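This report concerns only the one structure given below.
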Amino acid sequence: MSKAAWQLEAAENNADLYQHMFEAHGIPYERSKELFHTTVPPSSIVTCLPTAKPAFINDLTRTATFDVYVKDSFAVLPLEQSGFKKLFDASWFYLTEIVKADTAGWEQIKTARQLEHWQAAWKTSGNQTDRSMFPPALLTNPNIAFWGYAEAGKYTKGFIGNWSGSSIGLSNIFAGTLSPQDLQQMAGLLQAWQPSTPIVGYARGETLHSAIQTGFETSGNLTVWIKQLSPS
């Protein structure tokens, strides 16, 4: 596959993750070949093709009275012209090689109690929010799985995997200090969960650097935007 094809694959897989999340919360959404989007808070728009039109996104957000987030999966939309501010840029990645890693200490999250502890660790790692982001309903979805690394009764590292048939998404990574070895272990766990399936995702900064050192390759860029409309 070409890098452009891997970028499309990663964007589609990421939209699948959004769909799983919003279904678990009971939040209505719409999805087409070009876009995944919600029209109620928390509002998220994710482009799945580079042909998504800014005008359509503007139409979706014109009457919004709450913050709107857009993940431009191809970093091509000039959304600053529509009142959006850039939150960050990142790079999509993929891995096709089989990884061998010692995964001792890692466990798949199976119970609501485990998920509660996992989410608390995820929040304290820098994902500050008052919301419960990961409802227990996700544990009954066969296409999504959580892993945590347990030390002294706490999760010090973790991530989510979501399977879309043709790829596995690696996301929501947290760790005190993420190393290439950590990424290698995560990849090994995902490959054991869904064998013979490539891994995709996105990252930036040190996480991206560690992923590249592990053997992941980049396939393209993305940009996350926000349009702040909520009362301050």
>> Take residue 96 and tell me if it is within 30 Å of residue 5 (Cα to Cα) and in contact (Cβ under 8 Å) with a residue 12 or more places away in the chain.
In response: yes
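What's the total number of residues in the stretch 66-89 that are of a type in the set (S, T, N, Q) and open to solvent by 50 Å² or more (accessible area, probe 1.4 Å)?
Our first condition is that a residue be of a type in the set (S, T, N, Q); within the stretch 66-89, this holds for 73, 81-82.
From the residues that got through so far, the ones that are open to solvent by 50 Å² or more (accessible area, probe 1.4 Å) too are 81.
Total meeting the criteria: 1.
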> Which one of these does residue 66 not meet: (1) closer than 18 Å to residue 161 by Cα; (2) of a type in the set (Phe, Trp, Tyr); (3) more than 17 Å from the chain's Cα centre (by Cα)?
Replying inline: (1)
> Out of (1) over 19 Å from the mean Cα position of the chain (by Cα); (2) open to solvent by less than 20 Å² (accessible area, probe 1.4 Å), what's the single condition that is false for residue 97?
Replying inline: (2)
> Residue check, residue 87 against (1) within 20 Å of the chain's Cα centre (by Cα); (2) modelled with pLDDT under 95, all met but one. Which one?
Replying inline: (2)
> If residue 173 passes every condition in (1) open to solvent by less than 50 Å² (accessible area, probe 1.4 Å); (2) over 19 Å from residue 127 (Cα atoms); (3) outside any helix (DSSP H, G or I) but one, which one does it miss?
Replying inline: (2)
> Quick one: which of 28, 50 is open to solvent by 50 Å² or more (accessible area, probe 1.4 Å), part of a loop (DSSP other than H, G, I, E, B), closer than 22 Å to residue 91 by Cβ and not charged (D, E, K, R)?
Replying inline: 50
> Since residue 141 meets every condition but one in (1) surrounded by fewer than 21 Cβ atoms within 10 Å (Cβ to Cβ); (2) free of Cβ contacts under 8 Å to residues at least 60 places away in the same chain, which condition does it not meet?
Replying inline: (2)
>> The conditions are (1) assigned to a helix (DSSP H, G or I); (2) touching a residue at least 24 places away in the same chain (Cβ under 8 Å), and residue 59 fails exactly one of them. Which is it?
In response: (2)
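For the stretch 76-168, list the strands (runs of 3 or more DSSP E) that sit wholly inside it and hold at least 1 residues that are among the hydroxyl-bearing types (Ser, Thr, Tyr); which are they? Give the derivation first.
Details: elements: 85-95, 106-108, 144-151, 154-163.
The strands (runs of 3 or more DSSP E) meeting that bar are 85-95, 144-151, 154-163.
Just wondering, is there one or more residues in the stretch 201-218 that are assigned to a helix (DSSP H, G or I), without any contact (Cβ under 8 Å) to a residue 40 or more places away in the chain, hydroxyl-bearing (Ser, Thr, Tyr) and open to solvent by less than 40 Å² (accessible area, probe 1.4 Å)?
Quick first cut of the stretch 201-218, residues assigned to a helix (DSSP H, G or I) only: 205-214.
From what is left, the residues that are without any contact (Cβ under 8 Å) to a residue 40 or more places away in the chain are 205-207, 209-210, 213.
Checking the rest, the ones that are also hydroxyl-bearing (Ser, Thr, Tyr) come to 207, 210.
Subset that is open to solvent by less than 40 Å² (accessible area, probe 1.4 Å): 210.
Yes, that holds for at least one residue.
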>> I'd like the residue in the stretch 176-200 that is touching a strand residue (DSSP E or B) at 6+ places or on another chain (Cβ under 7 Å) and farther than 23 Å from residue 9 by Cα and, out of all such residues, is most open to solvent (accessible area, probe 1.4 Å).
In response: 176
> Does the stretch 38-47 include one or more residues that are assigned to a helix (DSSP H, G or I) and more than 15 Å from residue 225 (Cβ to Cβ)?
Replying inline: no
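The values are calculated or read from the model by the stated rules, or taken from the named source; none is laboratory data. On a predicted model such as this, the values are computed, not experimentally measured, just so you know. A quick note on method: Cβ atoms are made from the backbone with ideal geometry, for glycine too, and the neighbour counts reach across all protein chains shown. Side chains are part of the model used for accessible areas, which takes the heavy atoms of the whole protein and leaves out ligands, DNA and RNA. Shrake-Rupley method; radii C 1.70, N 1.55, O 1.52, S 1.80 Å.
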